[in-house]
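Report on the following structure.
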Amino acid sequence: MLTSNVLEKGLICQEQIEEVVAMALETLKTLMVDCQTPLESRLQLAFRFFEIFGTDNKEHIMCGIEKNARRIENNAHQLSDIKNLLKQALETKHEPL
């Protein structure tokens, strides 16, 4: 009876650990994709994952991060240009037809 009790408690403990790990990973995933999370925090989190889970694909992943960063910067410039065009359009006085 004592052995089955210990095994039962072990299984419960294992299930609880798996549940906590699943919640933690979901939280981290949410932080990684949330635009409100500062970029520095997301990068630190990504680098920490490299340290924990290995760095076999680190260079490939870094290339992807750099490529995405360039795309984000390019999109920001395009949005800035669009903002300026909209501002000019609003400032321009239109004569009635």
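Points worth noting:
- So residue 42, is it among the basic types (Lys, Arg), at pLDDT 75 or above, surrounded by 11 or more Cβ atoms within 10 Å (Cβ to Cβ) and not in a loop (DSSP other than H, G, I, E, B): yes
- Residue within the range 16-27 that is surrounded by 10 or more Cβ atoms within 10 Å (Cβ to Cβ), modelled with pLDDT under 80 and over 18 Å from the mean Cα position of the chain (by Cα) present: no
- Against the numbered list (1) surrounded by 10 or more Cβ atoms within 10 Å (Cβ to Cβ); (2) at pLDDT below 70, residue 50 comes up short only at (2).
- Filter result for residue 93 (among the basic types (Lys, Arg) and modelled with pLDDT under 80): yes
The values are calculated or read from the model by the stated rules, or taken from the named source; none is laboratory data. The shown structure was predicted, so the numbers you read here are calculated from the model rather than taken from an experiment. All Cβ positions, glycine included, derive from the backbone under ideal geometry; neighbour counts span all protein chains shown.
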